[in-house]
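Just so it is clear, none of the values below were taken in a lab; they were calculated from the coordinates. The structure presented is a predicted model; accordingly, all values stated were derived computationally and were not measured. All Cβ positions, even for glycine, are placed from backbone atoms using ideal geometry, and neighbour counts span all protein chains on display.
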Amino acid sequence: MLQDAVFNLQSVLSLPLQLDSSNTQALEKAMRMYNGKAMINSVNGKQSSMSEVFPLVQKYGGVVVCLCLDENGIPETAQGRIDIAEKIIKTAAEYGIDKKDLIVDALTMTISTDKMNGAETLKAVKYIREELGVNTVLGVSNISFGLPKRDAINTAFFTLALQSGLSAGIINPKSQSMMNAYYSFNALAGLDDNCSEYIDCLLYTSPSPRDPKTS
C-alpha cells in the first residue's frame with residue numbers, strides 16, 4: 001500500500017514526500033522507487049530502531065526525523081533528550097549520514113500534566129540547534145492537550161520555539177494566529193526581506209472591514 005501511494009502521489013505532485021512506516025520492508029520498497037530525497041519518519045534512540053532505519057538511509061538517501069525517546073520512553077528533562085539526540089547523531093555518522101540529513105524532534109508534552117514540560121522542551125530545542133548544529137521539528141499543538149482555548153497556548157509556544165531555534169513546526173495552517181506568529185517572527189528576526197512575505201501573506205489575506213462577510 002505504501003509503495004502504491006508513493007507511486008501515485010509522486011506522479012501528480014512536485015512536493016517532497018514523508019514516508020512513515022514501522023515496517024522496514026514496506027519502507028525500503030517505497031524508498032527504492034521514490035524519485036528524489038524523501039523524509040523518513042522516523043528513528044529514535046533505541047538501538048533496534050537505528051539499526052533498522054539507518055542502513056536504508058545509507059543505501060537510498062533521505063532526511064531522517066529523529067525522536068528523542070529510547071527504551072525508557074521520553075525523558076522528562078531537556079538533558080535526557082539531548083543525550084538521546086547526541087547518541088542518534090553519533091550513530092548516524094557511523095553510517096555516513098551527515099547532520100544536515102537529520103531533523104531532531106525533542107518531543108512536546110503537554111503543560112497540563114507538568115508545568116515544566118514547555119520549558120524543558122525549549123531548552124532541548126535550543127541546545128540541539130545551537131550546540132549540536134542539527135535542525136529541529138516539533139508537533140507544536142501537543143503542548144496544549146487538556147487545556148481550553150488551545151490556539152492561544154499553541155501560538156505562544158510556537159513563537160518561543162522559533163526564538164529557541166525551531167527549524168520546522170508541525171502546525172495547523174488554518175489557524176490565523178499561528179500563521180500570524182510565523183510571518184511576524186520571520187519579519188522581526190530578519191528572515192523576510194523588505195517584510196514582503198509578511199505583507200503578502202497577512203495584509204492581503206486579511207478581510208476588509210467593509211467586506212460584507214465580516215459585517
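Shape of the chain from its Cα gyration tensor (a ≥ b ≥ c, root eigenvalues): rounded if a/c is under 1.5, otherwise prolate when a/b > b/c, or oblate?
Values: a/c = 1.95, a/b = 1.35, b/c = 1.44.
It comes out oblate by the Cα gyration axes.
With a ≥ b ≥ c taken as the square roots of the eigenvalues of the C-alpha gyration tensor of the stretch 1-124, please select rounded if a/c is under 1.5 and otherwise prolate if a/b is larger than b/c or oblate if it is not? Don't jump to the answer; show the numbers that get you there.
Values: a/c = 2.33, a/b = 1.72, b/c = 1.36.
Prolate shape, in that a/c is at least 1.5 and a/b is the bigger ratio.
Out of all DSSP beta bridges in the stretch 1-126, what portion is antiparallel? Express it as a percent rounded to 5. Mind dumping the intermediate values first?
Details: 1 of 13 bridges.
Antiparallel bridges: around 10 percent, rounded to the nearest 5.
Are there any helices in the chain, counted as whole DSSP H runs, that stretch 15 Å or more along their axis by Cα and score at least -1.0 on average by Kyte-Doolittle, and if so which? The partial results should precede the final answer.
Values: long enough: 47-60 (20 Å, -0.20); 78-94 (24 Å, -0.13); 117-130 (20 Å, -0.65); 150-163 (20 Å, 0.48); 176-188 (18 Å, -0.05).
Span-like helices in the chain: 47-60, 78-94, 117-130, 150-163, 176-188.
For the chain, with only Lys/Arg (+1) and Asp/Glu (-1) charged at the beta-carbon, what is the dipole magnitude about the Cα centre, in debye rounded to 20? Don't jump to the answer; show the numbers that get you there.
On the way: 19 positive and 23 negative charges, 62 e Å.
Using only the charged Cβ atoms, the result is roughly 300 debye.
Any idea how far apart residue 176 and residue 76 come out in nm if each label point goes 7 Å out from Cα toward Cβ?
The two pseudo-label positions are separated by 4.1 nm.
Select from 152, 107, 166 the residue farthest towards the positive end of the dipole of the stretch 68-166; place +1 on Cβ of Lys and Arg, -1 on Cβ of Asp and Glu, and compute about the Cα centre.
So the residue we want is 152.
Can you flag which of 59/87; 37/126; 29/59 are past 24 Å Cα-Cα?
Details: 59/87 21 Å; 37/126 27 Å; 29/59 12 Å.
Violating the 24 Å limit, Cα to Cα: 37/126.
Sorted from largest down, give the three principal axis spans of the alpha carbons of the stretch 1-57, whole angstrom values.
If we take the Cα atoms of the stretch 1-57, the spans are 37, 19, 14 Å.
Mind listing the long-range amide H neighbours of residue 136? Cut-off is under 5 Å, sequence gap 5 or more, other chains count too, H placed in the peptide plane at 1.01 Å from N.
Here the answer is 104, 167, 168, since their amide H atoms fall under 5 Å of that of residue 136.
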